[in-house]
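See below for the structure under consideration.
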Amino acid sequence: MKVELQINNSVSALARFVTWAPSPCRIRVTDPSGTTATAVTVQLSSVSTANAGAVTFRQGTTGAFANTLSLAVPVNGTSVPFFVAGKFGQPSTANGDVKIEARVKFAPSTPPTLVGSTTLMVRIRKSTESLTTAERDRFVNAFGKLNNQGQGRFQDFRDMHASSAALAQAHGAAGFLPWHRAYLLDLERELQAIDPSVALPYWRFDQAAPKLFRLDFFGVSDQNGRVQFSNTNPLQFWKTDGFLGINRSPFFSTSQAPPGLFNENQTFTLGGPNNLYRLFRRMEGNPHGSAHVLFGGFIHDPPTAPKDPLFFLLHCNVDRLWAKWQLQNSRFDQSVAAAYDSNPPNGNQIGHNLLDTMWPWNGVTTPPRPPTAPGGTLAASDCTSAPGPQPRVQDCLDYHGAINPLARMGFDYDDVRFA
Amino acid sequence: MPKKSAKPTRPQVRATETSLSVATDPKGRVADRVTAMAEASMTICEDDQSFRAVINVLRDPKEPFEVRNAALQALGAAAFRVIEFAPCRSDYIATLRALAEDRDPTLRRRALGTLAREKDGYAQKKLIEGLKNPDVALVSPEKALQFLSYDPHAEAYAIAREFVKKPPNDEAKAEALRLLAADPKSAPLFEKVLRDKDELRDNRQLAASALYSLNPGKFQKHARAMLLDKSEFEDIQATSLTALAQFGDQEAVGKDEPLLKGIQKLGAKTRSAKYKKNARQFLARHGR
């Protein structure tokens with residue numbers, strides 16, 4: 001007998017990635033030989049080595065997850081649905097480091113027989129300081145390839161965040177956080193197209209990050225603000241707008257926590273006693289803006305900030321802070337007024353209302369949108385269909401499908417559990 | 001039933017008005033004012049009065065450097081709130097232009113840096129003037145060249161070539177080379193720097209990166225030659241190998257027996273674990 005396990009309801013190897021959010025899966029018998037019954041009881045379990053990821057199971061859309069799951073599977077090939085989620089606190093460190101095994105006990109006196117298995121990865125965004133050397137190298141290599149000497153797809157991401165018209169689509173109004181969530185996801189999916197085992201790490205800017213500012217990772221700045229890399233680091237070939245290299249002059253000791261910005265707990269209080277997004281989004285000034293101006297160089301100013309790849313790790317932390325605040329205060333539901341700033345006194349500009357599509361993924365290039373829309377639609381994923389090729393602001397709130405499972409965007413943070 | 005734990009006390013963030021009044025109080029302690037200025041960055045652009053108060057501190061040469069610098073940082077952070085900052089923007093740029101000629105060199109450099117990244121014509125003119133005439137220079141030549149590279153153009157290229165020929169220091173030469181990395185006409189210059197074993201290693205590595213982006217075919221040819229050159233420096237060979245591994249024409253490289261043997265030798269002779277690993281991974285990719 002053989003069974004087939006489909007992760008994210010797909011046979012594609014590129015779909016075998018899960019987060020803390022439940023991923024829809026299915027199992028079916030592909031070879032019924034060895035049994036005469038109309039259905040067999042299959043037990044699913046997660047097998048992984050030390051320091052590898054782990055997954056848990058449940059049968060339906062509600063209820064607790066468990067380490068094993070028993071399913072009655074018809075032998076006629078009909079699929080049976082179930083859900084898999086990463087076990088919180090146990091993310092993967094490599095692609096395929098978790099295996100789901102399917103076993104059937106054919107007779108009471110015999111041990112369960114392995115009838116199918118699949119490997120997968122609990123792909124989670126982690127702190128730069130907790131990446132393994134291999135994870136770090138895979139990420140840096142993928143980022144180097146995405147830039148490809150300034151001739152790669154990365155230039156689109158740089159162009160999305162350059163002109164004042166473009167910047168107005170994403171800053172200084174309610175859509176700041178949703179727009180950047182989509183922006184990061186688009187970039188992350190492009191990195192995953194190069195190496196599917198990569199997840200965007202975050203730079204926890206309110207803490208010391210001694211591993212990040214090293215020659216083998218995001219480089220060390222010399223006295224003139226030029227970032228130096230090791231000879232084996234592909235970021236030494238980084239180029240944007242025809243400019244070779246990265247300019248970044250830290251105004252603080254990179255082995256210590258930077259001064260002058262709100263820490264995580266202070267940031268969570270910005271929403272006030274009623275935890276309003278309208279107030280919380282002022283984190284765009286501090287800690288977000290304050291983190292940008294910890295350095296001279298590209299990252300210091302809005303038009304040049306994404307020329308430094310550190311931008312994306314900084315914003316990944318900004319997004320993590322929002323995600324954590326959302327979890328603490330149940331702010332995933334767009335119909336909850338406090339979850340978004342829908343009615344500011346002067347109204348929201350286009351691109352900042354819940355129902356608005358977001359530039360540039362919507363391809364709209366007529367005023368008041370910018371005159372060009374670099375990069376096309378948002379990159380697709382084999383793991384989920386959300387947020388779609390032309391996301392709206394509202395599509396970016398329920399990022400791990402806490403309210404609507406179909407809204408799951410396919411990423412999670414190592415310290416933000418599923419709601 | 002488990003006992004309910006006491007609700008943790010929330011860390012306090014001061015009210016904006018309090019932060020602003022502390023930040024702009026000339027009688028306050030410098031350290032307190034710096035901290036308060038960072039807090040105020042959250043809301044500086046939400047009303048004209050707050051913005052004016054911070055601008056006034058920044059423009060006042062009698063204020064302590066630390067407080068003025070914190071004001072500059074706070075405005076820089078607030079500038080990320082593009083839509084809300086729009087009414088303040090022209091005054092912000094005007095203040096930066098004034099600051100570009102401030103007597104404090106750090107404030108001058110930081111203001112010019114932001115203006116250069118905004119491709120500000122006034123700043124570019126001042127930077128070029130300073131490179132042509134050191135008596136009127138607002139920043140060091142290496143910083144001026146670096147700032148001009150944010151928006152390279154013909155006049156900047158011409159000056160950069162002059163600085164490559166007659167650099168006042170190594171830093172200025174490196175920045176001039178970096179500026180020229182955007183200039184397709186400079187590919188022959190980078191070939192020369194790359195193959196010159198008497199040139200600074202940093203400049204040779206910079207030339208490798210520049211040439212690779214200006215003319216990948218040419219670079220691949222030189223990278224191959226350097227990997228096969230027994231007298232070449234190991235770090236230059238490692239840079240060449242990284243470029244070939246990451247961006248090279250893998251089909252051509254995979255068929256190049258002498259090159260693969262050269263990489264085998266590099267992997268065998270090097271004492272660097274990283275270079276060994278790189279060579280091993282490269283060869284493994286090509287079935288060795």
Lone unmet requirement of (1) at the interface with chain B (Cβ under 10 Å from one of its Cβ atoms); (2) part of a helix (DSSP H, G or I); (3) modelled with pLDDT of 95 or more for A:N286: (3)
Qualifying residues in the range A:251-265 (those that are part of a loop (DSSP other than H, G, I, E, B) and under 26 Å from the mean Cα position of the chain (by Cα)) - the one farthest from A:R320 (Cα to Cα): A:T254
Qualifying positions in the range A:241-271 - of a type outside the set (A, V, I, L, M) and more than 10 Å from every other protein chain (Cβ to nearest Cβ): A:R248, A:P250, A:F252, A:S253, A:T254, A:S255, A:Q256, A:P258, A:G271
Pair list, Cβ < 7 Å and 6+ apart or interchain, from the range B:172-197 residues that are free of Cβ contacts under 8 Å to residues at least 24 places away in the same chain and more than 20 Å from B:K132 (Cβ to Cβ) to residues that are of a type in the set (S, T, N, Q) and part of a helix (DSSP H, G or I): B:V193/B:N203
Breaking point among (1) touching an Asp or Glu at 6+ places or on another chain (Cβ under 9 Å); (2) within 22 Å of A:G297 (Cα to Cα); (3) more than 12 Å from chain A (Cβ to nearest Cβ), for B:I93: (3)
B:D198 being open to solvent by 10 Å² or more (accessible area, probe 1.4 Å), at pLDDT 85 or above and not in a helix (DSSP H, G or I): yes
Residue list for the range A:86-119, restricted to those being touching a helix residue (DSSP H, G or I) at 6+ places or on another chain (Cβ under 9 Å) and loosely packed, with under 15 Cβ neighbours inside 10 Å: none
Subset of the range B:175-217 [farther than 17 Å from A:F229 by Cα, among the charged types (D, E, K, R) and within 13 Å of chain A (Cβ to nearest Cβ)]: B:D183, B:K185
Per-region count, the range A:273-289, residues among the polar types (S, T, N, Q) and open to solvent by less than 10 Å² (accessible area, probe 1.4 Å): 1
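Given the condition assigned to a loop (DSSP other than H, G, I, E, B), open to solvent by 40 Å² or more (accessible area, probe 1.4 Å) and either in contact with a Leu (Cβ under 9 Å, 6 or more places away or on another chain) or aliphatic (A, V, I, L, M) (or both), answer yes or no: does some residue in the range B:159-181 qualify?
no
Test of understanding: among A:T49, A:T30, A:T38, which residue is under 21 Å from A:G89 (Cα atoms) and open to solvent by 30 Å² or more (accessible area, probe 1.4 Å)?
A:T49
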Scope the range B:83-114; condition within 22 Å of the chain's Cα centre (by Cα), among the hydrophobic types (A, V, I, L, M, F, W, C) and part of a helix (DSSP H, G or I); matching residues: B:I93, B:L96, B:L99, B:L107, B:A111, B:L112
Which numbered condition A:P360 misses (of (1) in contact (Cβ under 8 Å) with a residue 12 or more places away in the chain; (2) closer than 24 Å to B:K119 by Cβ; (3) open to solvent by less than 20 Å² (accessible area, probe 1.4 Å); (4) within 14 Å of another protein chain (Cβ to nearest Cβ)): (4)
Inter-residue pairs, beta-carbon under 7 Å, first more than 21 Å from A:A379 (Cβ to Cβ) and in the range A:404-415, second aliphatic (A, V, I, L, M), 6+ apart: A:D414/A:I124
Leading residue by the ranking (farthest from the other protein chains (Cβ to nearest Cβ)) among those in the range A:298-323 that are outside any helix (DSSP H, G or I) and surrounded by fewer than 24 Cβ atoms within 10 Å (Cβ to Cβ): A:P303
Residues of the range B:111-130 classified as open to solvent by 20 Å² or more (accessible area, probe 1.4 Å) and over 19 Å from B:L72 (Cβ atoms), total: 5
Single residue of the range B:44-85 satisfying the filter (under 26 Å from A:H161 (Cβ atoms) and without any contact (Cβ under 8 Å) to a residue 12 or more places away in the chain) that is least open to solvent (accessible area, probe 1.4 Å): B:F80
Test for B:V193: is it surrounded by fewer than 18 Cβ atoms within 10 Å (Cβ to Cβ) and over 21 Å from the mean Cα position of the chain (by Cα): no
Filter result (under 22 Å from B:F85 (Cα atoms) and either in a loop (DSSP other than H, G, I, E, B) or not assigned by TED's automatic domain parsing to the domain that holds B:F85 (or both)) within the range B:17-59: B:T24, B:S41, B:M42, B:T43, B:D47
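Say we look at the range B:209-268 and pick out the residues that are outside any helix (DSSP H, G or I) and closer than 22 Å to B:L189 by Cβ; which of these is most open to solvent (accessible area, probe 1.4 Å)?
Top of the filtered list is B:F233.
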Qualifying residue in the range B:94-104 (condition: β-branched (V, I, T) and in contact (Cβ under 8 Å) with a residue 40 or more places away in the chain): yes
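Yes or no, residue by residue, for (1) on the phi > 0 side of the Ramachandran plot; (2) surrounded by fewer than 21 Cβ atoms within 10 Å (Cβ to Cβ); (3) touching a helix residue (DSSP H, G or I) at 6+ places or on another chain (Cβ under 8 Å); (4) touching a residue at least 60 places away in the same chain (Cβ under 8 Å):
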residue	(1), (2), (3), (4)
A:L187	no, no, yes, yes
A:A193	no, yes, no, yes
A:S197	no, yes, yes, yes
A:F205	no, no, yes, yes
A:R214	no, yes, no, no
A:G219	yes, no, yes, no
A:N224	no, yes, yes, no
Sole residue being at positive phi and open to solvent by 10 Å² or more (accessible area, probe 1.4 Å), chosen from A:N141, A:N148: A:N148
Test: A:F154 is open to solvent by less than 10 Å² (accessible area, probe 1.4 Å), of a type in the set (F, W, Y) and in contact with a strand residue (DSSP E or B) (Cβ under 8 Å, 6 or more places away or on another chain): yes
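Does A:F157 satisfy being in contact (Cβ under 8 Å) with a residue 40 or more places away in the chain and in contact with a Leu (Cβ under 8 Å, 6 or more places away or on another chain)?
For A:F157, the condition - in contact (Cβ under 8 Å) with a residue 40 or more places away in the chain and in contact with a Leu (Cβ under 8 Å, 6 or more places away or on another chain) - is met.
The values are calculated or read from the model by the stated rules, or taken from the named source; none is laboratory data. Worth saying up front: this structure is predicted, and the values here are computed from it rather than measured. All Cβ positions, even for glycine, are placed from backbone atoms using ideal geometry, and neighbour counts span all protein chains on display. Just the protein is used for accessible areas: all its heavy atoms, side chains included, with ligands, DNA and RNA removed. Shrake-Rupley method; radii C 1.70, N 1.55, O 1.52, S 1.80 Å.
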